[in-house]
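Here the structure is laid out as structure tokens; the discussion comes afterwards.
The values are calculated or read from the model by the stated rules, or taken from the named source; none is laboratory data. Source: prediction; values computed, not measured. Positions of Cβ are generated from backbone atoms using ideal geometry, with glycine treated the same way; all protein chains shown enter the neighbour counts. What goes into the accessible areas is simple: the full protein's heavy atoms, side chains included, and nothing from ligands, DNA or RNA. Shrake-Rupley method; radii C 1.70, N 1.55, O 1.52, S 1.80 Å.
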Amino acid sequence: MKKFVVVLAAGKGTRMKSKLYKVLHKVCGKAMVEHVVDNAKGMNPEKIVTIVGTGAEDVKHLLEGKSEFAFQEKQLGTGHAVLTAAPILEQETGSTMVVTGDTPLFTTETFENLFKYHQEKENAATVLTAEAPNPFGYGRIIRDEQGNVLRIVEQKDGKPEELKVKEINTGVFCFDNKKLFEALKKVTNHNAQGEYYLTDVLEILRNSGERVGAYKMPDFSQSLGVNDRIALAKATKIMQRRINEEHMRNGVTFIDPDTAYIDSDVKIGNDTVIEGNVVIKGKTVIGNECVITSGSRIVDSKIGNNVTVTSSTIQESVMHDNTDIGPNSHLRPNAEIMSGAHIGNFVEIKKAQIGENTKVGHLTYIGDATLGKDINVGCGVIFSNYDGVKKFHSNVGDHAFIGAGSTIINPINVADHSFIAADSTITKDVNRYEMAIARGRQVNKEDYWHKLPLSKDKDWE
Ligand code: UD1
Ligand code: CA
């Protein structure tokens, strides 16, 4: 049996009160609609059609290559939305799952279970339901005394007894494809919201003698629909727990999983320890046996094995094996820390390579530079890379020594085995085995003390 998927993502999301279109709001670093499409893709359907409307271009851009699109010009309701996919799907034979784009927590397994149940029961329509502790806002499943599903009633249309029902429509359905499109044409907008409801298809099919049913899943939390920012935060909490537990199962230690914020696509090796209050985002990959302490934020970076990151920020950078950084340091885009190197506290590095076993211990800025191995960079060194218009690049060779407080005015070549005396301002290249010293000479004036006004005020010796 061929499988098809329709993802509803054309609604504006008024309740989010946002410039950003609702289904593009992120849960653990990934837009809600992308979670839905990725998890649907896990079932290997023939086609996925995403219904786009407001913000169509942004959604299409995000899902390019993962989905086909149908355009719903006016948001006249979920039923109307599915109907816009008719030119792509109407002629197909198979089962079609419809899922709303604002329900990011469903797993591929749940979708598969729904399909299986739908096929086993030979239903024309099966709705995925769950028991909600607080069903407010969801469509309610109305059954007869034998437990057969009669219809779905929306919050705004329900009678008081109907609204007492706790079994809700999760927004996911499986349909016989051809029967779905036939029934959709019969849906009207005679209801409280004046919309064409997809949910009405169930009753229409039932009234024409088709089998309709419900597959009730045990875990309500997966069905959370995100209509406002409160639900967005709830969904994020649930997804975060799921992500962190998966890492724990794979051998990562979390000191406090409730405050470790790890995006969906992050990879972490085993025996790595993640303390509380850590943020790891985007495409970050972390190796084995690392320690990431609280206060760290790592974005789109690659961290090797046995790396310690202490309360530091790392963006779009690489730390190779056996390195460490922090506390309170910052790798800005394109920093690469080669293995064995040490980056201490209050160091900022941007677009620079720090060679093997090189030490940058304290209070330093390195921008646009290539440093070799076994270099010692003293405290308070600055690579001055910008003249207000252009950026310039410097090179420092292996085993060089850069004394504390020095300023390297890029572009400079500092050769290997050379030495820069502390507090030098380097404006010329330094050759192999040379020592460069570039600072004002000290002059000591003998007996100057007694000429100073302050020596007269008090009884100094
Ligand atoms: C819908 C269901 C409700 C269910 C709930 C589950 C209907 C009528 N109601 O209600 O039974 O309990 O989801 O979360 O189906 N959309 C379009 N075009 C439209 C209207 C909506 O694409 O014209 C999309 C929205 O972008 C959204 C999804 O459909 O992703 C659901 O719409 P929404 O307005 O959030 O429906 P709910 O009120 O949550
Ligand atoms: Ca919704």
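I need the full set of residues from region 155-191 which are within 16 Å of ligand 2 (Cβ to nearest atom), open to solvent by 50 Å² or more (accessible area, probe 1.4 Å) and either of a type in the set (A, V, I, L, M, F, W, C) or over 35 Å from the mean Cα position of the chain (by Cα) (or both), in order please. Scanning region 155-191 gives a single hit, Asp157. Within region 328-347, not a single residue is free of Cβ contacts under 8 Å to residues at least 40 places away in the same chain, over 32 Å from the mean Cα position of the chain (by Cα) and closer than 24 Å to Ser418 by Cβ.
Cβ separations smaller than 7 Å between residues 6+ apart or across chains give the following pairs from region 225-240 residues that are free of Cβ contacts under 8 Å to residues at least 60 places away in the same chain and of a type in the set (Lys, Arg) to residues that are within 16 Å of ligand 1 (Cβ to nearest atom) and open to solvent by 10 Å² or more (accessible area, probe 1.4 Å): Lys234/Leu224.
Residue count for region 71-98, restricted to those that are in contact (Cβ under 8 Å) with a residue 60 or more places away in the chain and either aliphatic (A, V, I, L, M) or not assigned by TED's automatic domain parsing to the domain that holds His190 (or both): 9.
Yes/no matrix, rows are residues, columns are (1) under 30 Å from Ile230 (Cβ atoms); (2) more than 16 Å from ligand 2 (Cβ to nearest atom):
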residue: Phe71; (1), (2): no, yes
residue: Gln75; (1), (2): yes, no
residue: Pro87; (1), (2): no, yes
residue: Gln91; (1), (2): no, yes
residue: Glu109; (1), (2): yes, yes
residue: Val127; (1), (2): yes, no
residue: Pro135; (1), (2): yes, no
residue: Gly147; (1), (2): no, yes
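Taken over region 1-15, the criterion of being over 16 Å from Thr108 (Cβ atoms) and of a type in the set (Val, Ile, Thr) is satisfied by Val6, Thr14.
Taking region 410-429 only, how many residues are hydrophobic (A, V, I, L, M, F, W, C) and farther than 15 Å from Val377 by Cα?
Looking only at that region, the number is 1.
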